Each structure stands twice: as structure tokens, then as C-alpha cells.
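Below: the structure, in C-alpha cells.
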Amino acid sequence: MKTKKGKITAQATIVFVVLILAVVGYYCYLMNRYDSADAEKTLTAVENVLLRDLENNYPPTPKEVIRYYNDIIKCFYNEECNEEQIEALGRKARELYDQELLDHNTWDTYILRLQDEIQDFRSNNRKVTSVSLASSVDVDEFTEDGYQFARIRCGYNIRQGRDTIFSTEVYLLRKDGDGHWKIYGWDLADHLEE
């Protein structure tokens, strides 16, 4: 026959074991959560840019297209990329280009120019220190020849040694048949104002 004291001890033991299991389970949960957060932090800027799936997650506005394009530019000119990474970034950049721009700029020509520009940037000790993209209200949208276009300004601070150079580019984007804004071309703002 069990006594009341034995019953209480058995119940207390069960409660104690359940509490221990809950504490251990919560500890494991927290450790796994912090490990995955640490794994995300270790991705480089280049890896973050390359992870974007443009087929399923294309930027929805002209401003977002140029923002992502600027992320690619910063990787080209500020990160230590190997040849494979430069080519992968170049393919990402070309996914943002309008078909007409692609037709006039073959892959072989594009990648050679890009590698030369990156080498020139590095040999002259240049870095893109900041990018200032026009606000959404400053996007000039218009229709011409049956196409929707958008024009947006973007400023770049480029450090060369101890000097800082400011440059403003004006990007022209055209909406394609899928409703995606694609980069149609760009030019320096002062060239357009002359």
C-alpha cells in the first residue's frame, strides 16, 4: 500500500523532470536561433547581393531597381571580388538591363569593360563611400513611343585617396512586357544639362 508521502514524492519527481526537460528544450531552441542568426551575419555583401532571386523577387519600382543596382555597384568597386564573383555580379546587373541595352552590349564586351573599370578603380585607390538615391516623388515617369519610361537621379560620393568626388548619374528605365522596370541607359547628369 502506498502512502500519501510516496504519492507526493512521485508527483514532485514527475513535475521536476518535466520542468528540467522544458528548460533543456528552451535552451536548445535559443542556441539554434542564435546559430542561424550568426550564420546570416557571416554572409558577405557580395553573397547577400547574389542571393536575391530576381525571377521571383524582382524590384517593383524604378527606385528599388536602382537601389539594387547600386548594391551591385558597391560590390564591384568596394569589395574584394574574385573573377567568378565579378562574373556572377555582372550577370545579376544584366538581369536589370532592358533588352535593347543588352543587344548593344554583348556579354564578352560587357565583362571585359567591367573588369577594366574595376581594375582602374582599384589602381586609383577609389571607393564608393555613399549613394544618395532620389526619393520616389522625384521619379519622372512618362510615356514615349508607346513605352512607359522613368528617369531617376542618383548621386555617388567616391573617395580617391584623401579627396572626395561627387558624381550624379541619371538613369532611364523602361517597363518591359512583364511589367518590370529595366535599365534602358544612364549618363552623367552634367552631360544631360549642357
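The values are calculated or read from the model by the stated rules, or taken from the named source; none is laboratory data. This structure is a prediction, so every number in the text was calculated from the model and none was measured. In this analysis, Cβ positions are derived from the backbone assuming ideal geometry, glycine residues included, and neighbour counts consider all displayed protein chains.
Annotations for the structure displayed:
- Qualifying positions in the stretch 159-184 - among the acidic types (Asp, Glu) and closer than 22 Å to Arg126 by Cα: Asp163, Glu169
- For Asn78, the conditions (1) touching a strand residue (DSSP E or B) at 6+ places or on another chain (Cβ under 7 Å); (2) modelled with pLDDT of 95 or more are fulfilled apart from (2).
- No other residue among Glu55, Glu64 is in a helix (DSSP H, G or I), within 20 Å of Lys175 (Cβ to Cβ) and at pLDDT 75 or above apart from Glu64.
- Asn105 being surrounded by fewer than 17 Cβ atoms within 10 Å (Cβ to Cβ), modelled with pLDDT under 95 and assigned to a loop (DSSP other than H, G, I, E, B): yes
- Exactly one residue out of Glu169, Glu84 is of a type in the set (Asp, Glu), surrounded by 15 or more Cβ atoms within 10 Å (Cβ to Cβ) and either in contact with a strand residue (DSSP E or B) (Cβ under 7 Å, 6 or more places away or on another chain) or closer than 21 Å to Thr44 by Cβ (or both), and it is Glu169.
- Any hit, the stretch 135-143, residues being touching a helix residue (DSSP H, G or I) at 6+ places or on another chain (Cβ under 9 Å) and in a loop (DSSP other than H, G, I, E, B): yes
- Residue that is nearest to Glu100 (Cα to Cα) [pool: residues in the stretch 177-194 that are in contact with a Lys or Arg (Cβ under 7 Å, 6 or more places away or on another chain) and at pLDDT 95 or above]: Tyr184
- Cβ separations smaller than 7 Å between residues 6+ apart or across chains give the following pairs from the stretch 93-110 residues that are closer than 17 Å to Val49 by Cβ to residues that are in a loop (DSSP other than H, G, I, E, B): Glu95/Leu54.
- Scanning the stretch 135-166 for residues that are of a type in the set (Ser, Thr, Tyr) and exposed (fewer than 11 other Cβ atoms within 10 Å of the Cβ) turns up Ser135, Thr143.
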